[in-house]
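Participant: Okay, handing you the structure first.
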Amino acid sequence: MMLNEIQNDANERMNKTLATLDSAFSKIRTDRAHPTLLEQIQVDYYGQMVPISQVANISAEDSRTLKVLPWEKDMVAVVEKSIMTSDLGLNPQTIGQVIRIPLPPLNEERRRELVRVVKDEAEQAKVAVRNIRRDANSDFKELLKEKEISQDEAHKAENNIQKITDNHINIIDEKLSKKENSLLKI
C-alpha cells in the first residue's frame, strides 16, 4: 500500500517535470511566431510586475510576426519597453496602439545557441527526475529500516521506480530530439 503511494507520487512528480520541460521548450522559438514566445515577459503595471498577457492581447499576425495590442493606451510604451529589454532579442515596432514584433530568421549561430539551451533544459529535467527517484528510494529504505516492508519488497519497489525513471528519461530524450530537429531545420 505505502509502496504504491510512494511510486505514484514519484510518477506524478516526474510527469510534472515533463510538463515543466514542455513549457520551457515552448518558449524557445523555432521559426514560427507564437504568442507563447512572450509569456515570460513581465510588464510594470502601475508599480506591479505582471505577465504581459494580463495587460495586452497577443496574437500571431502571420508566421513571422506577433501582434501585441495593449488594453490601455497608457500601457503601449511600457509594454514595448518590456519586450525590448527582454532577453529574447526582439525589436518591436509600434504604430498607434498596435505593437508588431517581426521575428528575424534564425541564423546558424543562433540555432546552435538555442540547441545548447534546449539541451541544458533537458539535462535539468533529467536531474530532477533522478532526484525524485533518489527520494523514492530513500523512502523505501526508511520503510525497510522501520521493518514495515521486507527486503524483497524494497528491492522490487526500487526496480519499479527505476523503470518509471527510465521511461521518463526516454521521454525527455525524445522531446529533446524533436526540439533539436525543429531548431536545426531551415
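Bear in mind these aren't lab numbers, they're just calculated from the coordinates by the rules spelled out. Quick caveat, the model's predicted, so the values are computed rather than measured. Neighbour counts are summed over all protein chains in view; Cβ atoms, including those assigned to glycine, are modelled from backbone coordinates with ideal geometry.
Participant: How far is helix 76-85 tilted off the main Cα axis of the chain, in degrees rounded to 10, range 0 to 90?
Facilitator: 60 degrees
Participant: Which angle between 0 and 90 degrees, to the nearest 10, do you get for helix 2-27 versus the longest principal axis of the chain when only C-alpha atoms count?
Facilitator: 20 degrees
Participant: Still on this model: Loop only per DSSP, at most 15 neighbouring Cβ atoms within 10 Å: give me the GluC sites (Glu not before Pro) in the stretch 1-94, ordered by residue number.
Facilitator: GLU39, GLU72
Participant: Then there's this: Could you work out how far helix 108-145 tilts from the main Cα principal axis of the chain, as a 0 to 90 degree angle to the nearest 10?
Facilitator: The two axes meet at around 30 degrees.
Participant: Let me ask something else. Could you run the Karplus curve 6.51 cos²θ - 1.76 cosθ + 1.60 with θ = phi - 60° over the stretch 45-57 and give me ³J(HN,Hα) per residue in whole Hz, x for Gly and Pro?
Facilitator: Working through the residues one at a time gives 9, 6, x, 10, 7, 10, x, 4, 5, 8, 10, 8, 8 Hz.
Participant: Shifting gears a bit: For Cα extents along the principal axes in Å, pick the label among [x] 72, 40, 21; [y] 49, 34, 28; [z] 48, 38, 30 that corresponds to the value derived from the coordinates.
Facilitator: Here the calculated entry is [x].
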